[in-house]
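Trainee: Would you mind keeping the following structure in view while I ask a few things?
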Amino acid sequence: MNIVFVGHVDHGKSTVVGRLLAETGSLPDGKLEQIQARCERESQPFEYAYLIDALKEEQAQSITIDAARVFFHSNKRHYIIIDAPGHIEFIKNMVTGASRAEAAVLVIDAKEGVQENSRRHGYLLWMLGIRQIVVLINKMDLVDFDEGVFNNVVADYQQFLDELGIKPMFYIPVSGMQGANIAVHNEDTAWYQAETLLDALDSFQKASPPVDLPFRMPVQDIYKFTQYGDSRRIVAGSVSSGKLAIGDRVIFYPSGKVSTVNSFEAYAAEQPGEVISGSATGFTLTKQIYIQRGEIASKVDEPPPYVSKRLRVSLVWLGQKPMVPQKQYHLKLGTAKIRCTIEHIDKIIDASDYSSTEKDRIEHHDVAQCVLLLHAPIACDLSESLADTSRFVIVDDYEIRGGGIVLEALPDEGSQIREAVFLRERKWIDSAVSMYQRSERYNQRSCLIIVTGTEESRRKEVAHQLEKSLFQSGKFVYFLGIGSVIYGVDADLKLFTATDDPQEHMRRLAEIAHIFIDAGLILIVTAREIDQADLNLIRSSIGNERVEVVWNGSRVTTDINPDFQIDDDDDLNTSVTSIKGLLMEHGVIFAP
Amino acid sequence: MTGNHMDHLQELENISVYIFREAYANFKNLGMLWSMGKDSTVLLWLARKAFYGHVPFPLIHIDTHFKIPEMIEYRDRIVREWKINMVVGSNEQALESKQTFPDGAIDRISCCQLLKTEALRGVLTGDGVRYRFNHALGEYQREENPEPFTGVIVGARADEEGSRSKERYFSPRDRQNEWHIAEQPPEFWNQYKTDFATGTNVRIHPLLDWTEINIWEYIEREKIPTVSLYYNQGEGTRYRSLGCYPCTFPVKSEARNVREIIEELKTGRFSKIAEREGRAQDKEDGGGLESLRREGYM
């Protein structure tokens with residue numbers, strides 16, 4: 001079991017841990033003597049803390065600077081103790097330690113009482129999801145083992161925890177220096193006969209894997225090691241909750257793609273028929289679908305994760321420079337990594353006194369509640385229901401500078417369309433010949449090519465020429481004129497009135513494209529000055545990887561970043577040849 | 001008890017596999033150090049677990065030319081059998097000018113610095129000479145225009161000695177390959193440092209939470225082939241930790257197989273003796289390998 005020790009600087013965490021190791025006989029021969037000898041050589045009084053603070057640098061500063069891992073065992077079980085530091089500058093190490101812990105020991109100095117970091121660490125333990133907490137009132141020897149002092153500190157701290165809704169399982173009066181109530185009771189605290197620290201640790205429950213919750217597996221990769229003669233296509237990842245069996249229908253978010261588990265793969269082990277949370281696994285699918293790292297696999301018959309571009313979150317910021325609304329960051333959640341900005345800061349929680357303030361930036365060590373706006377939709381869960389897939393970090397300039405939990409997935413402009421697409425994917429009736437079989441037969445990867453540009457640009461000429469050229473090279477291609485859609489499929493829409501619904505028009509076009517793509521064809525359409533909102537809509541319907549955007553003209557007049565740009569002054573054939581070059585590069589068509 | 005123990009091994013394997021896959025997804029120029037010792041051989045086995053029998057990145061061995069000969073024989077046998085993409089590098093300059101401890105020129109620590117740390121730095125940056133095993137020809141060939149490695153998987157365990165317990169799963173090294181212990185990034189949950197500036201590299205530690213006993217129990221469970229030096233061949237001695245022959249000494253032990261090693265570690269005379277007690281250089285470095293590691297030692 002992983003246990004983390006947290007608390008304010010100099011409240012005696014390392015001493016408590018050192019004492020615990022010594023009293024449980026957990027030190028290798030020679031280790032204790034080695035440190036003792038070094039202390040003697042350097043004319044320093046020996047302290048148990050030196051066992052933990054094994055580095056010269058730390059001894060110089062006399063504070064633990066990192067989440068050192070220490071192995072130890074009681075009669076009941078094995079422990080990894082993470083001796084997290086309390087110095088204010090080192091909160092990121094405490095987070096590192098606490099992130100892996102199943103239980104926490106929070107140490108408060110009886111003499112100094114509750115300090116800023118006693119509260120901050122308590123808050124972070126809550127955010128990190130640790131619910132098994134023991135609070136040690138340490139250095140009881142400095143207050144003559146006085147029961148009144150103990151009770152006052154306990155009352156003070158519990159008042160703070162009540163606001164978070166946390167109830168520690170134990171408050172224990174201890175002395176790390178003298179060994180009181182660490183492994184055995186002490187006559188100086190005869191008034192305390194409840195659990196020692198060791199009893200308390202042994203009473204913690206090993207967190208049971210969340211097998212009864214909905215299945216979630218962030219996709220780490222799609223493996224196809226054809227270079228080693230292995231043709232299996234394996235969806236790899238670690239199950240964060242629930243379980244999955246052969247024959248289960250899986251749905252991947254945010255794409256909404258659906259397939260069925262064909263087999264679980266394993267090396268030098270039996271292939272399982274079912275996997276549960278915690279398993280690092282990989283499976284093959286009966287129907288090949290295009291999915292990518294970053295998606296979350298779930299089961300069709302279980303509650304789905306949320307998909308949104310707008311998330312209300314609680315986060316802690318560890319960067320020296322503040323997190324500000326104008327700046328772009330990266331959010332990493334599960335295996336997804338997406339650009340984001342702050343849309344709105346709801347409140348900053350000052351962990352030192354737990355009051356709320358309104359600020360326009362999130363400073364070093366602030367804990368904030370805010371709304372993040374993502375560049376693309378992400379799949380996630382809410383912290384109250386599925387902890388693992390609600391946890392994220394913020395990356396700024398190559399470094400993890402913050403982390404937090406998703407409290408709420410807010411609606412965005414694409415929510416409605418996505419819901420329709422997810423339902424379509426679940427209800428889709430496969431044709432007897434798969435898209436991949438067609439792809440092989442037609443020797444092409446089906447997609448939608450959008451030829452766009454300003455009103456004056458020669459979109460239609462380019463589209464027609466491209467269609468002819470692809471057809472002549474044996475491709476299965478079709479040009480669909482927008483007018484044909486407007487007066488056909490869209491005939492029921494009031495196109496030229498105030499109730500004109502461009503989004504519905506675009507949605508229908510995307511659905512038509514989706515059918516063409518499933519049929520294995522390359523579809524070419526033209527559109528005047530297509531913008532990012534249109535593209536997002538089309539992509540959420542048919543997938544990012546199936547859309548190629550060609551802009552006609554030397555200047556892009558909308559907010560899109562086209563795959564390709566051609567000059568209107570160029571010879572038509574030259575333009576078409578260069579578009580074909582791009583299609584080859586993107587694997588739509590292949591070199592002859 | 002045995003049942004629980006197997007579960008713990010499975011948990012460790014799951015976490016390690018997850019780390020391997022994160023490394024492979026995020027680092028284009030990924031490599032893995034393989035010293036042929038038990039830890040990095042378990043690492044190699046875990047890579048094959050993660051990637052379904054394949055090792056889709058090169059293994060790197062820093063050859064000091066003072067390694068125990070059985071280690072090199074074992075290396076090349078596994079390389080052939082498992083079709084490993086093997087890269088070997090050395091500090092050729094120091095070896096040619098005999099700037100080594102066995103040649104009597106320098107002390108043990110300086111020797112480690114030159115033949116291991118410096119050689120590793122050269123191999124990782126691509127400044128040093130690299131030899132790659134050519135499976136078609138069955139021999140090592142000098143590599144032209146080596147690219148720098150941006151991610152390096154290493155078999156360090158937190159329980160080995162003080163400084164290793166301070167590592168992250170993903171620990172950055174700067175342009176000089178140096179480690180800034182006080183400035184390490186945070187690791188929230190299972191999110192690691194997978195973004196890095198040009199010229200820096202990241203050390204990846206899938207075995208950080210494994211203990212020496214876990215390693216042997218896993219070798220037993222998985223029947224992983226290991227070098228014979230770890231076992232008593234009838235002379236009442238074996239190596240507990242492998243390294244260069246001038247500085248690594250066998251320990252007295254009757255253990256002839258993996259099971260007997262595990263018994264010995266749990267109940268025998270080794271249950272309370274540090275694993276690296278047979279490694280002479282540790283004793284000369286008061287910081288517990290720390291000064292070596294700061295400069296890039298494994």
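Trainee: Would you mention how many residues in region B:215-256 are aliphatic (A, V, I, L, M) and farther than 28 Å from B:His8 by Cα?
Mentor: Total satisfying the criteria: 1.
Trainee: If a residue has to be at pLDDT 85 or above and either more than 16 Å from the chain's Cα centre (by Cα) or not hydrophobic (A, V, I, L, M, F, W, C) (or both) to count, how many in region B:150-171 make the cut?
Mentor: 6
Trainee: Those residues that are closer than 19 Å to B:Glu22 by Cβ, assigned to a strand (DSSP E or B) and within 12 Å of another protein chain (Cβ to nearest Cβ), I need them from region A:270-299; list them, please.
Mentor: Correct list: A:Val275, A:Ala280, A:Thr281, A:Gly282, A:Phe283.
Trainee: Then there's this: Here's a check for you: in region A:302-335, which residue that is within 14 Å of another protein chain (Cβ to nearest Cβ) and touching a Phe, Trp or Tyr at 6+ places or on another chain (Cβ under 9 Å) is nearest to B:Glu183 (Cα to Cα)?
Mentor: Residue satisfying both the conditions and the ranking: A:Val316.
Trainee: Run A:Ile130 past the list (1) in contact with a helix residue (DSSP H, G or I) (Cβ under 9 Å, 6 or more places away or on another chain); (2) outside any strand (DSSP E or B); (3) under 12 Å from A:Tyr192 (Cβ atoms) and report the number of the one that doesn't hold.
Mentor: Failing condition for A:Ile130: (3).
Trainee: Any residue at all in region B:141-151 that is in contact with a helix residue (DSSP H, G or I) (Cβ under 8 Å, 6 or more places away or on another chain), within 24 Å of B:Trp210 (Cα to Cα) and either of a type in the set (Gly, Ala, Ser) or surrounded by 22 or more Cβ atoms within 10 Å (Cβ to Cβ) (or both)?
Mentor: Within region B:141-151 (the criterion being in contact with a helix residue (DSSP H, G or I) (Cβ under 8 Å, 6 or more places away or on another chain), within 24 Å of B:Trp210 (Cα to Cα) and either of a type in the set (Gly, Ala, Ser) or surrounded by 22 or more Cβ atoms within 10 Å (Cβ to Cβ) (or both)), the answer is yes, since at least one residue qualifies.
Trainee: Against the condition more than 11 Å from chain B (Cβ to nearest Cβ), aliphatic (A, V, I, L, M) and in contact (Cβ under 8 Å) with a residue 60 or more places away in the chain, how does A:Ile108 come out, does it pass?
Mentor: yes
Trainee: Could I ask something else about it? Of the numbered conditions (1) modelled with pLDDT under 90; (2) of a type in the set (S, T, N, Q); (3) farther than 21 Å from A:His464 by Cα, A:Asn561 satisfies every one except a single condition; which is it?
Mentor: The single condition A:Asn561 does not satisfy is (1).
Trainee: A follow-up question, please. Residues to consider are A:Tyr253, A:Tyr267, A:Tyr223, A:Tyr192; find the one that is within 29 Å of A:Tyr436 (Cβ to Cβ), aromatic (Phe, Trp, Tyr) and more than 14 Å from chain B (Cβ to nearest Cβ).
Mentor: Of the residues listed, the single one that is within 29 Å of A:Tyr436 (Cβ to Cβ), aromatic (Phe, Trp, Tyr) and more than 14 Å from chain B (Cβ to nearest Cβ) is A:Tyr253.
Trainee: Okay, next question. Out of A:Ile417, A:Ile394, A:Ile338, A:Ile348, which single residue is in contact with a Phe, Trp or Tyr (Cβ under 9 Å, 6 or more places away or on another chain), surrounded by 17 or more Cβ atoms within 10 Å (Cβ to Cβ) and on the phi < 0 side of the Ramachandran plot?
Mentor: Selected residue: A:Ile394, the only one of A:Ile417, A:Ile394, A:Ile338, A:Ile348 that is in contact with a Phe, Trp or Tyr (Cβ under 9 Å, 6 or more places away or on another chain), surrounded by 17 or more Cβ atoms within 10 Å (Cβ to Cβ) and on the phi < 0 side of the Ramachandran plot.
Trainee: Turning to a different aspect of this structure: Give the residues of region A:196-213 that are away from chain B (no Cβ under 13 Å) and either among the aliphatic types (A, V, I, L, M) or part of a loop (DSSP other than H, G, I, E, B) (or both), sorted by residue number.
Mentor: A:Thr196, A:Leu197, A:Leu198, A:Ala200, A:Leu201, A:Phe204, A:Gln205, A:Pro210, A:Val211, A:Asp212, A:Leu213
Trainee: Inside region A:161-179, can you point out the residues that are among the hydrophobic types (A, V, I, L, M, F, W, C), more than 13 Å from A:Arg119 (Cα to Cα) and part of a loop (DSSP other than H, G, I, E, B)?
Mentor: A:Met169, A:Val174, A:Met177
Trainee: In addition: Looking at region A:359-372, is at least one residue away from chain B (no Cβ under 14 Å), under 30 Å from B:Thr200 (Cβ atoms) and in contact (Cβ under 8 Å) with a residue 60 or more places away in the chain?
Mentor: Yes; the residues of region A:359-372 include at least one that is away from chain B (no Cβ under 14 Å), under 30 Å from B:Thr200 (Cβ atoms) and in contact (Cβ under 8 Å) with a residue 60 or more places away in the chain.
Trainee: I'm trying to understand the selection: among the residues of region B:195-213, which are more than 9 Å from chain A (Cβ to nearest Cβ), small (Gly, Ala, Ser) and without any contact (Cβ under 8 Å) to a residue 12 or more places away in the chain?
Mentor: None; the set is empty.
Trainee: With B:Leu43, B:Leu95 as the choices, which residue is free of Cβ contacts under 8 Å to residues at least 40 places away in the same chain, part of a helix (DSSP H, G or I) and closer than 30 Å to B:Ala136 by Cα?
Mentor: Just one listed residue meets the conditions, B:Leu95.
Trainee: Select from region A:513-538 the residues that are in contact with a helix residue (DSSP H, G or I) (Cβ under 8 Å, 6 or more places away or on another chain), part of a helix (DSSP H, G or I) and surrounded by fewer than 20 Cβ atoms within 10 Å (Cβ to Cβ) and list them in ascending order.
Mentor: A:Asp518
Trainee: Would you confirm whether or not region B:178-194 contains a residue that is within 9 Å of chain A (Cβ to nearest Cβ), charged (D, E, K, R) and not in a loop (DSSP other than H, G, I, E, B)?
Mentor: Checking region B:178-194: not a single residue is within 9 Å of chain A (Cβ to nearest Cβ), charged (D, E, K, R) and not in a loop (DSSP other than H, G, I, E, B).
Trainee: Still on this model: Please tell me if A:Val485 is at pLDDT below 90, surrounded by 15 or more Cβ atoms within 10 Å (Cβ to Cβ), over 35 Å from the mean Cα position of the chain (by Cα) and closer than 14 Å to A:Val525 by Cα.
Mentor: Considered against the rule, which asks whether it is at pLDDT below 90, surrounded by 15 or more Cβ atoms within 10 Å (Cβ to Cβ), over 35 Å from the mean Cα position of the chain (by Cα) and closer than 14 Å to A:Val525 by Cα, A:Val485 comes out as yes.
Trainee: Mind checking which pairs have a first residue in region B:22-33 that is within 9 Å of another protein chain (Cβ to nearest Cβ) and a second that is charged (D, E, K, R) and surrounded by fewer than 21 Cβ atoms within 10 Å (Cβ to Cβ), Cβ under 6 Å, 6 or more apart or different chains?
Mentor: From residues that are within 9 Å of another protein chain (Cβ to nearest Cβ), the pairs are B:Ala25/A:Asp221; B:Ala25/A:Arg293.
Trainee: Next question. Looking at region A:539-556 only, could you name the residues that are part of a loop (DSSP other than H, G, I, E, B), in contact (Cβ under 8 Å) with a residue 12 or more places away in the chain and surrounded by 15 or more Cβ atoms within 10 Å (Cβ to Cβ)?
Mentor: If the condition is that a residue be part of a loop (DSSP other than H, G, I, E, B), in contact (Cβ under 8 Å) with a residue 12 or more places away in the chain and surrounded by 15 or more Cβ atoms within 10 Å (Cβ to Cβ), then A:Gly543, A:Gly553 are the ones that fit.
Trainee: Something else: Tell me, yes or no, whether region B:69-77 has at least one residue that is part of a loop (DSSP other than H, G, I, E, B) and either in contact with a strand residue (DSSP E or B) (Cβ under 7 Å, 6 or more places away or on another chain) or away from chain A (no Cβ under 14 Å) (or both).
Mentor: Checking region B:69-77: not a single residue is part of a loop (DSSP other than H, G, I, E, B) and either in contact with a strand residue (DSSP E or B) (Cβ under 7 Å, 6 or more places away or on another chain) or away from chain A (no Cβ under 14 Å) (or both).
Trainee: Does region A:494-504 contain any residue that is part of a helix (DSSP H, G or I) and of a type in the set (Lys, Arg)?
Mentor: There is no residue in region A:494-504 that is part of a helix (DSSP H, G or I) and of a type in the set (Lys, Arg).
The values are calculated or read from the model by the stated rules, or taken from the named source; none is laboratory data. In this text, all values refer to a predicted model and were calculated from it rather than measured experimentally. Note that we place each Cβ from the backbone using ideal geometry, even for glycine, and neighbour counts take in every protein chain shown.
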